[in-house]
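Below is one structure, written out as structure tokens; comments come after it.
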Amino acid sequence: MKKTVAVIFGGCSPEYPVSLQSAASVIAHIDRDCYEIVLLGITRDGAWYRYYGDPAGLADDTWHTHDCIPAVLSPDRTKQAVIEFTETGIKQTRIDLAFPVLHGQNGEDGTVQGLIALAGIPLVGCGVLSSALCMDKDRAHKLASLAGVKVPRSVTLTGYSDPILPRKAADDLGYPLFVKPVRAGSSFGITKVSQASELNTAVQLAFLYDDRVIIEQAIDGFEVGCAVLGCDVLTVGAVDEIELADGFFDYKEKYTLETSEIHCPARIDHETAQRIKDTAQTIYRALDCRGFARVDLFLTPGNEIVFNEVNTIPGFTTHSRYPNMMKHAGLDFGQIIQRLLREAEL
């Protein structure tokens, strides 16, 4: 019998447009012979709808203008259902799996995962704890460090911090450095600071995205990524490399590649690539990841590996980094989706 999977997309997050693109690709690659699909969309304002229209409505962001019924995911474990509020009454649809394809806050940070866990519905991807930890750059770094992985030096600020602390932290870390919201994705609110006169503006920007801000040492080297798939037994994709012409891999560069290039496999020797894969698996385990995640690291000129962050729901279009890395491990996009759904059923 076919299983019913709820694909959850959109979200009350700056990364809403990316979620729509990722979800459209996921929907297109789910095997309809094995699964029925229920589309659950969340608007930018946080309203939930069951969407009955063509998935093409996600790509152009017209989905919420037609063929929508207000809906919620029931937290009642005896229901395991999507509840729709139709003009003629309440309709319930039982769900076998939930696949959140959400990026950033209010979706990738453990909030939606908590609702799915409360509902008792099997979840595709990382759970509540790992989602929350990986979104929190400060705590993720602390746990990775305890697992023996090198991390950048940093100082975390709150709104109650001594106003002199940012300057003291920057003087200690040295320039250039990065100022980041502790919990945000796709490089929103991140500034590379090259001199003291830029620091206050960078801190103020980061505080627009979170109530905690991290001032972090800039690592000399380049960024590499590693796709990891699985729960008990892990499949690791090829290591990729981000080549930057200037600056850092910000939101614009991530989705336009105007002045940067991604090399997959990375232009590194086999031994270094294997060390990166091993480190990625160590971090994946230390942060309690399961299902899938992309682990981002830095490789220094001295061949040191330094942890950057984990994306528990990385970009999932056919041209995104995660599926491209997995392609080199012998898995095409459809096979990745099939593996994720099958493992969530176990």
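The values are calculated or read from the model by the stated rules, or taken from the named source; none is laboratory data. Everything numeric in this text was worked out from a predicted model, so none of it was measured. Backbone-built Cβ (ideal geometry, glycine too); neighbour counts: all protein chains shown. These area figures cover heavy atoms from the full protein model, side chains too; ligands, DNA and RNA do not enter into them. Shrake-Rupley method; radii C 1.70, N 1.55, O 1.52, S 1.80 Å.
If you take the residues in region 187-209 that are small (G, A, S) and over 23 Å from K142 (Cβ atoms), which one is most open to solvent (accessible area, probe 1.4 Å)? Lay out the reasoning, then the answer.
Within region 187-209, the subset small (G, A, S) is 187, 189, 194, 196-197, 202, 206.
Okay, now just the ones that are also over 23 Å from K142 (Cβ atoms), so 194, 196-197.
Values: S194: 71, A196: 35, S197: 94 Å².
Among those residues, the one meeting the criterion is S197.
Among the residues of region 1-23, those that are open to solvent by 10 Å² or more (accessible area, probe 1.4 Å), out of contact with any Gly (no Cβ under 9 Å at 6 or more places or on another chain) and not in a loop (DSSP other than H, G, I, E, B) comprise K3, T4, P17.
Residues are listed down the side, and each one gets a yes or a no for (1) in contact (Cβ under 8 Å) with a residue 12 or more places away in the chain; (2) open to solvent by less than 10 Å² (accessible area, probe 1.4 Å):
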position: L40; (1), (2): yes, yes
position: A47; (1), (2): yes, no
position: R50; (1), (2): yes, no
position: H64; (1), (2): yes, no
position: E87; (1), (2): no, no
position: G120; (1), (2): yes, no
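Examine region 73-87 for a residue that is basic (K, R), in a strand (DSSP E or B) and farther than 17 Å from S19 by Cβ, and state whether such a residue exists. Even if it seems obvious, please write down each step before you answer.
The initial filter retains those residues of region 73-87 that are basic (K, R), namely 77, 79.
Cutting the leftovers down to in a strand (DSSP E or B) gives us none.
The answer is no; no qualifying residue exists.
Taking (1) surrounded by fewer than 16 Cβ atoms within 10 Å (Cβ to Cβ); (2) farther than 25 Å from A344 by Cβ in turn, R77 satisfies each apart from (2). Being at pLDDT below 95 and under 19 Å from H263 (Cα atoms) is a condition met by at least one residue of region 329-345.
Could you tell me whether any residue of region 160-175 is among the basic types (K, R), in a loop (DSSP other than H, G, I, E, B), in contact with a helix residue (DSSP H, G or I) (Cβ under 8 Å, 6 or more places away or on another chain) and over 29 Å from G315 (Cα atoms)? Among the residues of region 160-175, not one is among the basic types (K, R), in a loop (DSSP other than H, G, I, E, B), in contact with a helix residue (DSSP H, G or I) (Cβ under 8 Å, 6 or more places away or on another chain) and over 29 Å from G315 (Cα atoms), which makes the answer no. If you go through region 156-171 and keep only what is hydrophobic (A, V, I, L, M, F, W, C) and surrounded by fewer than 12 Cβ atoms within 10 Å (Cβ to Cβ), you end up with just I164.
Given the condition closer than 29 Å to A218 by Cα and not hydroxyl-bearing (S, T, Y), answer yes or no: does some residue in region 337-346 qualify?
Filtering region 337-346 for residues closer than 29 Å to A218 by Cα gives none.
Checked region 337-346: no residue is closer than 29 Å to A218 by Cα and not hydroxyl-bearing (S, T, Y).
Selection within region 89-107: residues that are within 28 Å of the chain's Cα centre (by Cα) and either small (G, A, S) or modelled with pLDDT under 95 (or both). The member of this set that is most open to solvent (accessible area, probe 1.4 Å) is N106. Taking F99 and the conditions (1) outside any strand (DSSP E or B); (2) under 21 Å from S19 (Cα atoms); (3) not charged (D, E, K, R), which numbered condition does it fall short on, given that it satisfies the others? Status for F99: all satisfied but (1).
Hand me the list of strands (runs of 3 or more DSSP E) wholly inside region 177-248 holding 1 or more residues that are more than 21 Å from L297 (Cβ to Cβ) and in contact with a strand residue (DSSP E or B) (Cβ under 9 Å, 6 or more places away or on another chain).
191-193, 212-217
Looking at L165, L177, L173, L208, can you tell me which residue is farther than 28 Å from G127 by Cα and at pLDDT below 95? One residue alone meets the criteria, L165.
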